[in-house]
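> Just passing along the structure, written as structure tokens.
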Amino acid sequence: MAGEAPSHRTLKLERVTDAILDVPNYGRKSAGTFSKLRIRYVPDERQLQLSIQDEMLTMTLGRRRVPELSEAFAEVEVGGGDFGIRTSDDRQAEIWMFWWMPASLAKMGD
């Protein structure tokens with residue numbers, strides 16, 4: 001996705017179970033549920049953006065945020081549990097927090 005042409009990928013999302021939502025310190029439950037996540041790459045976009053359309057979330061990012069997001073996902077892949085990423089270069093920018101539950105908790109909801 002880090003080329004020069006705009007592109008996107010759409011992923012199917014699974015519903016988060018009550019067993020996962022009841023984990024201590026998880027935070028508040030979202031009122032919405034989404035069946036898809038579209039990751040939209042627009043090379044010159046400087047901020048991370050999240051928009052909602054029906055049951056799909058769309059995350060838009062550009063080349064400026066790709067290295068940070070790639071590094072964070074690589075940490076998760078090797079066992080890192082969570083990460084935060086600023087949505088822009090503004091020091092007051094919102095920070096998005098991502099959390100992956102351990103596989104043992106994910107199986108509790110089956």
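> Can you find a residue in the stretch 21-28 that is among the charged types (D, E, K, R), closer than 21 Å to ILE95 by Cα, more than 13 Å from the chain's Cα centre (by Cα) and at pLDDT below 80? First the steps, then the outcome.
To start, the set of residues in the stretch 21-28 that are among the charged types (D, E, K, R) comprises 22, 28.
After this cut, where a residue has to be closer than 21 Å to ILE95 by Cα as well, the list is 28.
Still in the running and more than 13 Å from the chain's Cα centre (by Cα): 28.
This time we only want the ones that are at pLDDT below 80, so: 28.
Yes; the residues of the stretch 21-28 include at least one that is among the charged types (D, E, K, R), closer than 21 Å to ILE95 by Cα, more than 13 Å from the chain's Cα centre (by Cα) and at pLDDT below 80.
> In addition: Please pick out the residue among GLU77, GLU71, GLU45 that is exposed (fewer than 14 other Cβ atoms within 10 Å of the Cβ) and modelled with pLDDT of 80 or more. Please lay out each step first, then the result.
Working: GLU77 fails: modelled with pLDDT of 80 or more; GLU45 fails: exposed (fewer than 14 other Cβ atoms within 10 Å of the Cβ).
Unique residue meeting the criteria: GLU71.
> Do you know which residues across the stretch 1-10 are surrounded by 10 or more Cβ atoms within 10 Å (Cβ to Cβ) and either modelled with pLDDT of 80 or more or touching a Leu at 6+ places or on another chain (Cβ under 6 Å) (or both)?
Residues satisfying the conditions are PRO6, SER7, HIS8, ARG9, THR10.
The values are calculated or read from the model by the stated rules, or taken from the named source; none is laboratory data. Keep in mind the model is a prediction, meaning the values are calculated, not measured. Using ideal geometry, Cβ is built from the backbone for each residue, glycine included, and neighbour counts are taken over all protein chains shown.
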